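The values are calculated or read from the model by the stated rules, or taken from the named source; none is laboratory data. Because the structure is a prediction, the values reported are computed rather than measured. Note: ideal-geometry Cβ built from the backbone for every residue, glycine included; neighbour counts use all protein chains shown.
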Amino acid sequence: MRIDLHTHSDRSDGTLSPREVVLAARAAGLDVVGLTDHDTAEGWDEARATAAEIGITVVPGMEISCAYAGRSVHLLAYFPDPGHEPLQEALRLVLEGRDQRTPRVCAKLRDLGIDIDEVEVARGAGDAVAIGRPHIADALIDLGVVADRGEAFDRFLSPGRPAYVRRYAAPLEEMLGIVQGAGGVPVIAHPWGRAEPSALRVEGLAQLQGLGLAGIEVDHQDHDAEQRAALRGIARELGLVVTGSSDFHGAGKVDHDLGCNTTDPAELERLVALADRVAARRTSPAAP
Ligand code: AMP
Ligand code: MN
Ligand code: MN
Ligand code: MN
């Protein structure tokens, strides 16, 4: 049983449609694939329809842009009801923050002498609901300014680079409650990806667990072997679910092939059991 719980389609910054992600998941030998676009559930229906056709399982999820202790934290929410109003409202604010950022980044790029405009970025983003820096990177590729997304981030778009603009992210503590209210199960994506955020060491994670955090993504390309071992130890100590995934973005990210990291079936079972419990609590608030 091969399970990959974190992938992106072209509804956010992946390059394949939801249907193509599911077909590619089967071709990669996966039995279960989580579709976790940034800040939207837009791809779920298409992914589930394809999965039903070819006999694999889609775990519906999303990767929500959050902020905690002044830093960006990505929260994976599995099985939330996308119609839950507080969740819709929280996602609306995040998507609005994305939309407000794009023209500001383009203006900074124009100050650098690059002839880019937000209308072209939006056109290039096609079916994407969550417009991000990768779409601006794609426009820079089209203009011949950079060779790939990586170069666009390194030269212009990453924090500290000349076209970086901060955007709104949802307060993590609040989002943990909203996700559970929506019947979802929250898991922190790549907690030590890139820089090791000191707030997400054992004490911080224990505190977040008190607010409903269910698990952490341990096996991710942004974590080296040492970090994975340390995170696995923390998860064991706290009783957090451990997940693993590719964070696949199609052609948008190299070295993130489907199935390059996977989740243990027993850990997925724990997530499903938690989702069932949260759902039961939603329908009858008196349940434990
Ligand atoms: P945004 O959603 O606009 O904040 O942009 C963040 C997204 O950009 C992440 O979800 C990654 O998919 C992508 N990203 C971040 N850094 C890089 C990089 N160095 N190369 C390619 N993609 C990147
Ligand atoms: Mn992404
Ligand atoms: Mn992420
Ligand atoms: Mn991701």
When restricted to Gly250, Gly210, Gly239, Gly215, the only residue within 16 Å of ligand 4 (Cβ to nearest atom) and surrounded by fewer than 21 Cβ atoms within 10 Å (Cβ to Cβ) is Gly250
If I filter region 65-81 down to residues being assigned to a loop (DSSP other than H, G, I, E, B), touching a helix residue (DSSP H, G or I) at 6+ places or on another chain (Cβ under 7 Å) and under 22 Å from His8 (Cα atoms), which single residue comes out as nearest to ligand 2 (Cβ to nearest atom)?
Pro80
With the requirement that a residue be under 16 Å from Ala189 (Cα atoms), among the small types (Gly, Ala, Ser) and assigned to a loop (DSSP other than H, G, I, E, B), what does region 232-258 give you?
Ser245, Ser246
Identity of the residue in region 11-27, within 16 Å of ligand 1 (Cβ to nearest atom) and crowded, with 24+ Cβ neighbours inside 10 Å, that ends up farthest from Gly124 (Cα to Cα)
Val21
Give all pairs with beta carbons closer than 9 Å in which a residue from region 3-24 that is on the phi < 0 side of the Ramachandran plot and among the polar types (S, T, N, Q) meets a residue that is in a loop (DSSP other than H, G, I, E, B) and more than 16 Å from ligand 4 (Cβ to nearest atom); count only pairs at least 6 apart in sequence or on separate chains.
Ser9/Ser17; Ser9/Asp127; Ser17/Asp127
Hey, Gly150 hits all of (1) without any contact (Cβ under 8 Å) to a residue 40 or more places away in the chain; (2) within 16 Å of ligand 4 (Cβ to nearest atom); (3) surrounded by fewer than 16 Cβ atoms within 10 Å (Cβ to Cβ) but one; which does it fall short on?
(1)
Ala229 is checked against (1) aliphatic (A, V, I, L, M); (2) without any contact (Cβ under 8 Å) to a residue 40 or more places away in the chain; (3) assigned to a loop (DSSP other than H, G, I, E, B) and fails just one. What number does that condition carry?
(3)
Can you report the number of residues in region 33-59 which are crowded, with 20+ Cβ neighbours inside 10 Å and assigned to a strand (DSSP E or B)?
8
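Scan region 137-147 residue by residue and report those that are hydrophobic (A, V, I, L, M, F, W, C) and either surrounded by fewer than 22 Cβ atoms within 10 Å (Cβ to Cβ) or in contact with a Phe, Trp or Tyr (Cβ under 8 Å, 6 or more places away or on another chain) (or both).
Ala137, Leu140, Ile141, Leu143, Val145, Val146, Ala147
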Some residue of region 126-134 being hydrophobic (A, V, I, L, M, F, W, C) and not in a loop (DSSP other than H, G, I, E, B):
no
Of Leu87, Leu5, Leu76, which residue is buried (at least 23 other Cβ atoms within 10 Å of the Cβ), away from ligand 4 (no atom under 16 Å from the Cβ) and of a type outside the set (Lys, Arg)?
Leu87
On the basis of being within 21 Å of Gly177 (Cβ to Cβ) and not polar (S, T, N, Q), does Arg236 make the cut?
no
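Being within 16 Å of ligand 4 (Cβ to nearest atom), buried (at least 20 other Cβ atoms within 10 Å of the Cβ) and at pLDDT 95 or above: is that true of Leu30 here? Please lay out each step first, then the result.
Details: within 16 Å of ligand 4 (Cβ to nearest atom): no; buried (at least 20 other Cβ atoms within 10 Å of the Cβ): yes; at pLDDT 95 or above: yes.
Considered against the rule, which asks whether it is within 16 Å of ligand 4 (Cβ to nearest atom), buried (at least 20 other Cβ atoms within 10 Å of the Cβ) and at pLDDT 95 or above, Leu30 comes out as no.
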Pull out all pairs, ordered by first then second residue, where Cβ-Cβ is under 8 Å, the residues are six or more apart or on different chains, the first lies in region 173-193 and is on the phi > 0 side of the Ramachandran plot, and the second is among the hydrophobic types (A, V, I, L, M, F, W, C) and more than 16 Å from ligand 4 (Cβ to nearest atom).
Gly183/Phe79; Gly183/Ala275; Gly183/Val278; Gly183/Ala279
